[in-house]
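Below is one structure, written out as structure tokens, with a few remarks after it.
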Amino acid sequence: MEIIETISNLPVQNPEREDFSSADLIWTKFGTAERYDDVALIPYARVDEFIIGECTNVEFPTRFHIERGRKRTKRSLKEYKDDEYLEYRMYWCSFGPENYGEGGGILPSRRYRLNTRNRAARPQSMRGCTCHFVVKRLYARSSLALIIYNDRRHVNKAGFVCHGPLDRDAIGPGAKKIPYVCSEVQQQTMSMIYLGIPEENVLEKHMEGIQRYCGSDAKVKSLASQYVHKLGMIIKRSTHELDLDDQASIRLWIERNKKSIFFYQDTSETDPFILGIQTEWQLQQMIRFGHRNIIAVDSTFGIKRLKYPLCTLLVFDSRQHALPVAWVITRSIAKLDVAKWMKALLHRVRAVDTGWKVNGIIIDDAVAEIDPIRETFSCPILFSLWRIRRSWLKHVVKKCVNIEVQREMFKHLGQIVYSIWGGVDLDSTLEKFFLDFVDQTSFMQYFKDSWVPKIEMWLTSMKMLPLASQEASGALEAYHVKLKAKLYDDANLGSLKRVDWLVHRLTTELHSSYWLDRYADESDSFQNVKEEYIASTSWHRALQIPDSAVTLDNKDRLFAKVLSQKDSSITRQVWNPGSEFAHCDCLWSLQGNLCKHVIKVNMICENLKSYQPSMSFHSFKNILMDLWIKPLDDSVALDLSTAWTHQMLNQIQNLVELNNSSDIGNVVNNMPLKWVAKKSRTSCGKPYSTLFLPSSSKNGVKNAAAFKRNRKRKRLSRLR
């Protein structure tokens, strides 16, 4: 077959089938005589259909994951070739590229019968498969995608078939009838077992998963039943104690799970203990939902009860639920230590997607160091009120018996927070609060001991940083409640001071729970799990309450009534409506949580001028006003303030225009040119040329020749 060196004349292929694969395309060799690959040109809009077709290969059923990716902005290249990319994604078969077998050959653990005494589970899915391809969204023609298939064979480096029905060594003598279970089905089965789902239901879903590999006969069902039963026994008998000594046990776990560790620092005389955990699935979710989005930090879980506190990094998924994508176990909050694990995490993410960037990070603790966040992620920082609100409400309810006193006290605590924008002296506000509730000695003692020494620091953080929305606060609180329920079970109270127990619970039960939630939502299966997942946040539960169920007190605006949707004879009262510090008499709110009734009432009050705006909007408005009124003289500070305000205004206008537009192409065409670095200034695209300035010396000729060779190497490296 002829080898081409340009794709300008390559025809665009658009198969009629809904999902198509490489067998439906005509491939052309592209490159040089020494190095070339099979390529095909398809519409960019049909890339997902091509990937689905490749996954449903009868002989080699699999999944493809993004091994690495890069992006460019439009008009960022001054000169470009016809195969330059706007977006670059390398997809690799999920049975590779690593090989977990000894020596990279046939896995020794594959050769066993299920009815033997060997209790080892099936081997990991990493079989060393070399099948991978690249998808390039073309820079010159962004509506087209160039598929570069580097290796279409599902074999390992030795050239042997390493998965699927043709792999004779998949699980032993029955491999042709029971092929290897892919990691997705295996994770699904493990998640259901960890969550305590009955074995009959687990087997039913397991059979549905493996039916795409083989038929369904008596032997298939028998061996699948043995596999599910055996995996269940392994999970039930597994223990977190790999060694009696906790420190030695955690070292053994780290040695066995290196791919799930992004940072580890053992305890020494100078360095504190730090353990950063992120599974491959969490890494994919962080890349998917964290790019150009918000990341939240739940930073102070288990300070009093765990051996080392737990810090969780969360992204907001497609339903704006908080999804844990990394766990950090450490007691240190020093700048140097925080910077270490944050840089390691960012390096791990950008090793897969070099263009990954976060738009903002939400913190929930005023003690948290913000300098490492700004230096590492280079993004704005927001502050969430959910932790201080939850702490105050729980202790108000616990230490004050009278519900009317609870309402007034919680309302006054909210006024203390609102006072940061009113220019009111903090000392006088606190003094008035102490005088009004002087008879509530139990709460006052708690407040003076726990909050008075640090309340100024917390209020300063709230004033200096933008405040996060109620939806984000509700999502963070939902994760915190779920984490607390999973870890603080009565049966595990004796293990709270062991790190290996904490790691075991996080990476098994909690990880499986979130994996199954996302799988149920995206695959539209496990309807009970999906419904519980959707309704897991107070924000989504509030959306199910109709506006007609809410009645406001229009006279004094002291309270609102919300009619229960389950029992029409029950009505909930929300005092101090329109405020984040509203008080509801439902059980969920009395436990210190942000309930659906408060959120629903606040949603309605936001559209009424007679009620004060939310704290997040109030914070945003004050930040803009501070930028506008701060410089009183005609100085450079005025120029800087004007530039910041104008930049923020442009971003808001573009976002509003994008949300209101039905055609994104019109929005993109109306955007101004964006000037970047000098070497890649934006201008209208020019065809690639090899023109050089004349040189008056031999060195100039040598440099020009070296420049040509370097460009050729770069061009070839992109194909590899």
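The values are calculated or read from the model by the stated rules, or taken from the named source; none is laboratory data. Since we're looking at a predicted model, the values are computed, not measured. Virtual Cβ from ideal backbone geometry, glycine too; neighbours counted across all protein chains shown. The protein model used for the area step is the full one, side chains on, heavy atoms only, and it has no ligands, DNA or RNA in it. Shrake-Rupley method; radii C 1.70, N 1.55, O 1.52, S 1.80 Å.
Reported value for segment 219-261: 84 Å³ per residue, from the convex hull of its C-alpha atoms.
Can you find, among T6, T32, I66, the residue farthest towards the positive end of the dipole of segment 1-93? Put +1 on the C-beta of Lys and Arg, -1 on that of Asp and Glu. Of the candidates, I66 comes out farthest on the positive side. For segment 537-624, the fraction of C-alpha pairs farther apart than 15 angstrom is 57 percent.
Report D for segment 1-58 in µm² per second (integer): Stokes-Einstein, Kirkwood Rh on Cα pairs, 20 °C, 1.002 mPa s.
Numbers: Rh = 12.4 Å.
Rounded, D is 173 µm²/s.
Working from label points 7 Å from Cα in the Cα-to-Cβ sense, the E522 to A140 distance is 3.5 nm. Oblate is the label for segment 239-292, because the ratio a/c of its alpha-carbon gyration tensor axes (a ≥ b ≥ c) is 1.5 or higher and a/b is not greater than b/c. Rolling a 1.4 Å probe over the protein heavy atoms gives segment 311-353 an accessible area of 35 Å² per residue. Based on Cα contacts under 8 Å between residues 6+ apart, segment 474-594 shows a relative contact order of 17 percent.
Eigenvalues of the alpha-carbon gyration tensor of segment 404-470, scaled by 5 and square-rooted, set the equivalent ellipsoid semi-axes at 21, 13, 12 angstrom, largest first.
Taking the Cβ-Cβ separation of T571 and I234 as r and a Förster radius of 60 Å, what is the calculated FRET efficiency to the nearest 0.05?
Details: r = 51 Å, r/R0 = 0.85.
My answer for the efficiency is 0.70.
Could you please put V452, V352, V417 in sequence from largest to smallest accessible area, using a 1.4 Å probe? Please report the intermediate quantities before stating the final value.
Details: V452 55, V352 20, V417 0 Å².
The ordering from most to least exposed comes out as V452, V352, V417.
How large is the charge dipole for segment 526-586, taken about the Cα centre, if only the Cβ atoms of Lys, Arg (+1) and Asp, Glu (-1) carry charge, to the nearest 20 debye? Intermediate results must be reported in sequence, preceding the final value.
Numbers: 7 positive and 8 negative charges, 14 e Å.
Roughly 60 debye, rounded to the nearest 20.
For the peptides 516-524, 253-261, 277-285, the ranking by packing is 277-285, 516-524, 253-261, with the highest mean count of neighbouring Cβ atoms within 10 Å listed first.
Ligands, DNA and RNA left out, the accessible area of segment 356-463 computed with a 1.4 Å probe is 52% carbon and sulfur. Quantify, in whole percent, the carbon and sulfur part of the accessible surface of segment 487-611 (1.4 Å probe; protein heavy atoms only). The C+S portion of the solvent-accessible surface of segment 487-611 is 48 percent.
Give K81/K136; K157/K205; K399/K463; K448/K497; K411/K596; K394/K566 a once-over and call out the pairs whose C-alpha atoms are over 22 Å from each other.
On the way: K81/K136 13 Å; K157/K205 34 Å; K399/K463 29 Å; K448/K497 30 Å; K411/K596 18 Å; K394/K566 26 Å.
Distance filter (> 22 Å) returns K157/K205; K399/K463; K448/K497; K394/K566.
Most tightly packed first, judged by the mean number of other beta-carbon atoms within 10 Å of their residues, the peptides 611-620, 555-564 read 611-620, 555-564. Entry for segment 190-328 at q = 0.12 Å⁻¹: log10 I(q)/I(0) = -0.74, Debye formula applied to identical alpha-carbon scatterers, no solvent contribution.
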